[in-house]
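Chemist: Mind having a look at this structure? Questions to follow.
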Amino acid sequence: MTNYLDNVDSDWFSKRLSVGLTVVIAAFVVLIARLLFLQVVKGGELRRLSEINSIRLRSVDAPRGLIYDAHNRIIADNRPSYNLSITVKDANPLERTIEKLSRYAGIDEAQLWESLEKAKGTPVFKPVLLKPDIGRDALAAIEVNRWDLPGIQVNVSPRRDYIFSPSLSHLVGYMGEISVEELKNKIYSDCKSGDFIGKYGIERAREDWLRGKRGGQQVEVNATGQVVRVLNTVDATPGHNIVLSIDQSLQLTAEQLLADKAGAAVAVDPSTGQVLAMASSPEFDQNAFISGMSHDTWNALISDPQHPLENKAIQAEYPPASTYKIIVAAAGLEEGVIDEDTSYFCPGFLRFGNRTYRCWKKWGHGEVNVLKALSESCDVFFYKVGLELGVDRLAWYANAFGLGEPTGVDLDHEADGLIPTAQWKKKRTGVSWQKGETLSVAIGQGFNLVTPLQMAMVVAAIGNGGIRYRPMIVKTIRTADGRTIYESAPEVLGRLPISQSNLWLVREGLFKAVNDRHGTAWRSRLEGMAMSGKTGTAQVAGRRENATGGDSDWGTIKDHAWFVAYAPREDPRIAVSVMIEHGEHGSSAAAPVAAEMIRFYLSGGQPKGDLPVAVAGATVNQGD
Amino acid sequence: MFDRRLLQCFDWGLLMFTLSIGAMGLVALYSAVSAGAVEPDLLLFRKQLIWYGVGLVVMAFCFLFDYKQFERFANAIYLASIGSLTAVLLFGKYVGGSRRWLSVGPFSLQPSEMAKIAVIIVLARYFAKLINPDGLTLRDLIIPAFLTALPFALIARQPDLGTAMVIGLIAGVMTLFAKIERRALSWLIATFTLLVPLVWFFLRGYQKQRILTFLNPDRDPLGAGYHIIQSKIAIGSGMLTGKGFLKGTQNALSFLPEQHTDFIFSVLAEEWGLMGSLSVVILFLIIIAWGLSIAGRCRDPFGTILSVGVTAMIAWQVLINIGMVMGLMPVVGVTLPFVSYGGSSIITMMIGIGLLMNVSMRRFKFE
């Protein structure tokens, strides 16, 4: 504490402090000079400007990016919407103006006052939205009487228009007004209250690309609020356009086939993972969300027992039923539990422990090898394979096929599905795994749950020779002036853990399921197209309790129908997964839907019964 | 601990000037909260009165102890401050896209305001030990650089660039005051000149845009640029004698953004004219000069550097805030000491004044 006193004395400090004071005084001289300049030199001019303060800000909404299908058909468009607003400071006298506006435009006066009341606290020089989306008639009436309506403005802003609504309602989704919670979220930091943002589907998942950047203008207005001069403009930047991999014709076909049913149909391109169609039924009207939905409509939507707002292709989980046998067969072959020649005798049931497990075919399939088991969906064969494999080995294969976890498609809120293991059950229920439960699991019942999209990806991988792709919906993203900024590339998630020879056996079994006279989907075979597939009928015992629940007699106890398929047999161009809730049999309810989608797609969009020979010839040569 | 003789040395002048500015600030705040309304919203005004009361108590607390106690507890104060800045990033309230507030009962505090004091104390302690006529070497500067960078980064992360910048500027003044060795100084200048373009090169497009707007608000005519135009109109239209109490039209029509916090000087200048605005500016100049003279009369390096730090904080905020509302500086959220609405700002400034008084009172006392 003493040595510095020898070096640094108070003189030393004083010198440095006086330099500091000089700098501070110099800075304050600048401040004072500026004050004198503003308040004395420019004072008169600025006083005048403040008296007529006539500079207003107007915001210019950015058009949202458009959404196209794979063939550049517009799915989600923007249309002009005329929004009526008022600048209170310019609307003098306010009562008279509102009264006249109500008369000219035919809008209820109380409604106008209500909007004004809601915007209480807005600075008087800022426009307040009175009514969005007034019709063309009201617009014309207001424009004609503009001189008589001080402070009233109509500005045009883009509004969403879903061309094919309700088609693609789940996949494209809809927009809605931003909520108070969303406004606090960082990703919506450039939004303000009253803005519309994507709430569901692609509109929500790709909000960041679709939303443009708001622009605005600094304008000088006259006494009645009309713009005299534009002082400054910041252009709005339109959002990016999105091209989906969806084939809208195929989509409409799928939706038609699902009409009046509850369920989902997904079609993917097995060679890329691109989603060609994704239908979920029942659908809903997307445009109703844009124009403001009544409480009744909303309540009807959310209380509908068929859950129209749910995207059943990715959010609904069902037991995979017999479609799961594809995986059991592959696992059995790969683990050496069975081979091509292994055959079991099916008497129509299997006795295990003190219970009898039935085959769906009461009188039995007789001698069954893996090909016949797949094509005729013999339960007894797969009971035995399942028992040999055990639940955990089976689960390992199911996971390797992509089940039990989301597929990673570019939509939010995708369900996981469920692939049980012994450990899972112990943890979940506290009860150890019972061997009998393995029997249920082996035929896709029990705890197993999958989504239609997951099953579509499984058959796509079987069809393309074992490559698992990530399903993709967004194909390209382009700027409003057409520059491509994103191009989706197929993303390989992994390979099926199964040798080519074993895979060939499974594929052969699936081919026979459709094209063999005894195959379960024989009735849905396509003339001239080599379709391979697997039916499934999922028991829905769990829903029995709903049966007493009143009028919903649309088969509360009927089984769910599955069909998964791909075509052509070699180098398939399309893989389809169809789930019809309470459709009863996969072969009768789901297979015809899938078959018609495949026929439609492979024939290049031809209506039924009009098959061009060229396409037929191209695909038939590897047939029987 | 508290000597009655100290009372004779009590700095009445500093207290008087501070309270005068505070009073003018309250008048301006009353105008700001009555803007355009028939019934003025007096809640904010009453809250500010309470904050002033709390501020006076905290100020008294700050000069009761010998300021050397602050030197002893400098590290603890600094660590507590860093802790609260971390807490605000983790649990802070989101307001307008940034996390700056911590809720304490019914009130919200901005730990970033208090962090200024913590940095001043910890740096004063560090420099007091090392100070010598040859100046500090580069190696001496490593620790203070780190001590400044940590709260700077935490505050910039909120994001609150204005306050972060003020902390950097205070630290800069304190370091320059403590003197940097000539060689070290030229090294620093050279590195900075080289680093700036390099950093620019690594920034993303939108970050560059943000910085450009920050430097030149006219690039953003719908946000900052518009506000500056309106603020200049407000100040200029006050002319010599002002429009009169509660008669400011710019203020009444809500043309001014943040009229009770960052733009309160415009409200005052509009209603009280050059008469009022010049008084405020000169009062600030007096307080700053007073602070420097306290630093000069102190016989202990810690007290001197501490006073310089506190005075630098007041000076920077006055220059930045008034410069900003008059269109001389980019728009950054920096409050006007003793005038702007806000508990954290008031309390921080009162702590600063308390520290100055403390140093002033004990200048004759030797250990």
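The values are calculated or read from the model by the stated rules, or taken from the named source; none is laboratory data. Keep in mind that this is a model prediction, so the values were computed, not measured. Every residue, glycine among them, receives a Cβ derived from its backbone with ideal geometry; neighbour counts consider all protein chains shown.
Chemist: Quickly run through the range B:295-342 and pick out the residues that are more than 8 Å from every other protein chain (Cβ to nearest Cβ), more than 25 Å from B:Leu278 (Cα to Cα) and surrounded by fewer than 22 Cβ atoms within 10 Å (Cβ to Cβ).
Modeler: Within the range B:295-342, B:Arg297, B:Asp300 qualify.
Chemist: Still on this structure, please answer the following. Just to be sure before I move on: is A:Met579 over 22 Å from A:Tyr397 (Cβ atoms) and modelled with pLDDT of 85 or more in the structure I sent? Before you say what the answer is, go through the steps one by one.
Modeler: Working: over 22 Å from A:Tyr397 (Cβ atoms): no; modelled with pLDDT of 85 or more: yes.
When the stated conditions are applied, A:Met579 does not pass them.
Chemist: For the range B:36-95, which positions are charged (D, E, K, R) and in contact (Cβ under 8 Å) with a residue 24 or more places away in the chain?
Modeler: B:Lys47, B:Asp66, B:Lys68, B:Glu71
Chemist: With the range A:147-208 as the region, which strands (runs of 3 or more DSSP E) entirely inside it contain at least 3 residues that are modelled with pLDDT under 85? Working first, answer last.
Modeler: Working: elements: A:152-162, A:175-177, A:196-198.
Ranges flagged: A:152-162.
Chemist: So A:Asp90 fits all but one of (1) without any contact (Cβ under 8 Å) to a residue 12 or more places away in the chain; (2) within 14 Å of another protein chain (Cβ to nearest Cβ); what number is the exception?
Modeler: (1)
Chemist: Can you work out which of the residues in the range A:10-24 that are more than 7 Å from every other protein chain (Cβ to nearest Cβ) and of a type in the set (A, V, I, L, M) is nearest to B:Thr304 (Cα to Cα)?
Modeler: A:Val19
One line per residue, one yes/no per condition, for (1) touching a strand residue (DSSP E or B) at 6+ places or on another chain (Cβ under 9 Å); (2) more than 16 Å from A:Thr323 (Cβ to Cβ):
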residue: A:Ala422; (1), (2): no, yes
residue: A:Lys426; (1), (2): no, yes
residue: A:Val431; (1), (2): no, yes
residue: A:Gly436; (1), (2): yes, yes
residue: A:Leu439; (1), (2): yes, yes
residue: A:Val450; (1), (2): yes, no
residue: A:Ile462; (1), (2): yes, no
residue: A:Lys475; (1), (2): yes, yes
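Chemist: Here is a further query. Hey, any hits in the range A:326-337 for a residue that's without any contact (Cβ under 8 Å) to a residue 40 or more places away in the chain, in the same structural domain as A:Asn448 (by TED's automatic domain parsing) and closer than 30 Å to A:Ser375 by Cβ?
Modeler: Looking for residues that are without any contact (Cβ under 8 Å) to a residue 40 or more places away in the chain, in the same structural domain as A:Asn448 (by TED's automatic domain parsing) and closer than 30 Å to A:Ser375 by Cβ, one finds at least one in the range A:326-337, hence yes.
Chemist: Look at A:Thr122 and say whether it is within 14 Å of chain B (Cβ to nearest Cβ) and surrounded by 13 or more Cβ atoms within 10 Å (Cβ to Cβ).
Modeler: Taking the combined requirement at face value, the residue satisfies it.
Chemist: Tell me the helices (runs of 4 or more DSSP H) entirely within the range A:5-123 that contain at least 2 residues that are assigned by TED's automatic domain parsing to the domain that holds A:Gly151.
Modeler: Hits in the range A:5-123: A:94-105, A:109-118.
Chemist: Hey, among B:Pro221, B:Pro217, B:Pro257, which residue is surrounded by fewer than 24 Cβ atoms within 10 Å (Cβ to Cβ), facing chain A (nearest Cβ under 7 Å) and modelled with pLDDT under 95?
Modeler: It is B:Pro221.
Chemist: Next question, about the same structure. Within the range A:221-245, which residues are in a strand (DSSP E or B) and within 14 Å of chain B (Cβ to nearest Cβ)?
Modeler: A:Val221, A:Arg229, A:Val230, A:Leu231, A:Asn232, A:Thr233, A:Val234, A:Thr237
Chemist: Just the residues that are crowded, with 16+ Cβ neighbours inside 10 Å, over 21 Å from B:Ala312 (Cα atoms) and either small (Gly, Ala, Ser) or within 14 Å of chain A (Cβ to nearest Cβ) (or both), please, taken from the range B:101-122.
Modeler: Filtering the range B:101-122 for residues crowded, with 16+ Cβ neighbours inside 10 Å gives B:101-102, B:108-122.
When the remaining residues are screened for being over 21 Å from B:Ala312 (Cα atoms), the result is B:101-102, B:108-109.
Hits for the range B:101-122 are B:Trp101, B:Ser108.
Chemist: I'm checking my understanding of the structure. Among residues of the range A:350-395 that are of a type in the set (A, V, I, L, M, F, W, C) and surrounded by fewer than 16 Cβ atoms within 10 Å (Cβ to Cβ), which one is farthest from A:Ala565 (Cα to Cα)?
Modeler: Residue satisfying both the conditions and the ranking: A:Phe352.
Chemist: Can I ask one more? Please count how many residues of the range B:123-151 are closer than 15 Å to B:Pro111 by Cβ and crowded, with 21+ Cβ neighbours inside 10 Å.
Modeler: Just the residues of the range B:123-151 that are closer than 15 Å to B:Pro111 by Cβ, to begin with: B:150-151.
After this cut, where a residue has to be crowded, with 21+ Cβ neighbours inside 10 Å as well, the list is B:151.
So the answer is 1.
Chemist: If you don't mind, there's one more thing I want to ask. Of the residues that make up the range A:36-46, is at least one more than 8 Å from chain B (Cβ to nearest Cβ), under 28 Å from B:Ala312 (Cβ atoms) and surrounded by 12 or more Cβ atoms within 10 Å (Cβ to Cβ)? Spell out how you get there, then give the answer.
Modeler: Filtering the range A:36-46 down to residues more than 8 Å from chain B (Cβ to nearest Cβ) leaves A:37, A:41.
Checking which are under 28 Å from B:Ala312 (Cβ atoms) leaves us with A:37.
Filter again for surrounded by 12 or more Cβ atoms within 10 Å (Cβ to Cβ), leaving A:37.
The answer is yes, given that some residue of the range A:36-46 is more than 8 Å from chain B (Cβ to nearest Cβ), under 28 Å from B:Ala312 (Cβ atoms) and surrounded by 12 or more Cβ atoms within 10 Å (Cβ to Cβ).
Chemist: Please enumerate the residues belonging to the range B:343-367 that are surrounded by 24 or more Cβ atoms within 10 Å (Cβ to Cβ) and either among the charged types (D, E, K, R) or not in a helix (DSSP H, G or I) (or both).
Modeler: Correct list: empty.
Chemist: If you don't mind, another one. B:Ser277: surrounded by 24 or more Cβ atoms within 10 Å (Cβ to Cβ), touching a Ser or Thr at 6+ places or on another chain (Cβ under 7 Å) and over 19 Å from B:Arg362 (Cα atoms), yes or no? Can you show your working first?
Modeler: Values: surrounded by 24 or more Cβ atoms within 10 Å (Cβ to Cβ): yes; touching a Ser or Thr at 6+ places or on another chain (Cβ under 7 Å): no; over 19 Å from B:Arg362 (Cα atoms): yes.
Here the answer is no, as B:Ser277 does not meet what is asked.
Chemist: So A:Met1 passes all but one of these: (1) surrounded by fewer than 18 Cβ atoms within 10 Å (Cβ to Cβ); (2) more than 7 Å from chain B (Cβ to nearest Cβ); (3) at pLDDT 90 or above. Which condition number does it fail?
Modeler: Condition not satisfied by A:Met1: (3).
Chemist: Could you grab me the full set of residues in the range B:96-115 that are assigned to a loop (DSSP other than H, G, I, E, B) and without any contact (Cβ under 8 Å) to a residue 40 or more places away in the chain? Break it down into steps so the answer makes sense when it comes.
Modeler: So in the range B:96-115, the residues assigned to a loop (DSSP other than H, G, I, E, B) come out as B:96-97, B:105-106, B:110.
Passing the criteria: B:Gly96, B:Gly97, B:Gly105, B:Pro106.
Chemist: While we're looking at this one, here's another question. Starting from the range B:225-243, keep only residues that are within 15 Å of A:Gln218 (Cβ to Cβ), then list their pairs with residues that are outside any loop (DSSP other than H, G, I, E, B) and small (Gly, Ala, Ser) whose Cβ atoms are within a distance under 8 Å, requiring at least 6 positions of separation or different chains.
Modeler: Correct list of pairs: B:Ser231/B:Ser266; B:Ile233/A:Ser50.
Chemist: Select from the range A:179-203 the residues that are within 14 Å of another protein chain (Cβ to nearest Cβ) and of a type in the set (A, V, I, L, M, F, W, C) and list them in ascending order.
Modeler: A:Val180, A:Leu183, A:Ile187, A:Cys191
Conditions (1) among the small types (Gly, Ala, Ser); (2) farther than 20 Å from B:Leu355 by Cβ; (3) at pLDDT below 90, marked per residue:
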{"position": "B:Gly22", "(1), (2), (3)": "yes, no, no"}
{"position": "B:Ala35", "(1), (2), (3)": "yes, yes, yes"}
{"position": "B:Leu42", "(1), (2), (3)": "no, yes, yes"}
{"position": "B:Leu49", "(1), (2), (3)": "no, yes, no"}
{"position": "B:Lys93", "(1), (2), (3)": "no, yes, yes"}
{"position": "B:Phe107", "(1), (2), (3)": "no, yes, yes"}
{"position": "B:Ser112", "(1), (2), (3)": "yes, no, no"}
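Chemist: Something else about it: Can you tell me how many residues within the range A:310-362 are in a loop (DSSP other than H, G, I, E, B) and either at pLDDT 90 or above or not basic (Lys, Arg) (or both)?
Modeler: Our first condition is that a residue be in a loop (DSSP other than H, G, I, E, B); within the range A:310-362, this holds for A:310-317, A:319-320, A:335-343, A:347-348, A:353-354, A:359-362.
Now narrow it down to the ones that are either at pLDDT 90 or above or not basic (Lys, Arg) (or both): A:310-317, A:319-320, A:335-343, A:347-348, A:353-354, A:359-360.
Matching residues across the range A:310-362 total 25.
Chemist: If A:His365 passes every condition in (1) modelled with pLDDT of 90 or more; (2) within 28 Å of A:Thr451 (Cβ to Cβ); (3) not polar (S, T, N, Q) but one, which one does it miss?
Modeler: Only one criterion is unmet by A:His365, namely (2).
Chemist: Taking the range B:277-292 only, how many residues are farther than 18 Å from A:Val30 by Cβ and within 8 Å of chain A (Cβ to nearest Cβ)?
Modeler: 1
Chemist: Turning to a different aspect of this structure: Output yes when any residue across the range B:68-87 is closer than 30 Å to A:Ile187 by Cα, over 19 Å from the mean Cα position of the chain (by Cα), assigned to a helix (DSSP H, G or I) and among the aliphatic types (A, V, I, L, M), and no when none is.
Modeler: Checking the range B:68-87: at least one residue is closer than 30 Å to A:Ile187 by Cα, over 19 Å from the mean Cα position of the chain (by Cα), assigned to a helix (DSSP H, G or I) and among the aliphatic types (A, V, I, L, M).
Chemist: Check B:Leu268 against each of (1) assigned to a helix (DSSP H, G or I); (2) farther than 30 Å from A:Lys126 by Cβ; (3) touching a residue at least 12 places away in the same chain (Cβ under 8 Å) and name the one condition it does not meet.
Modeler: The single condition B:Leu268 does not satisfy is (2).
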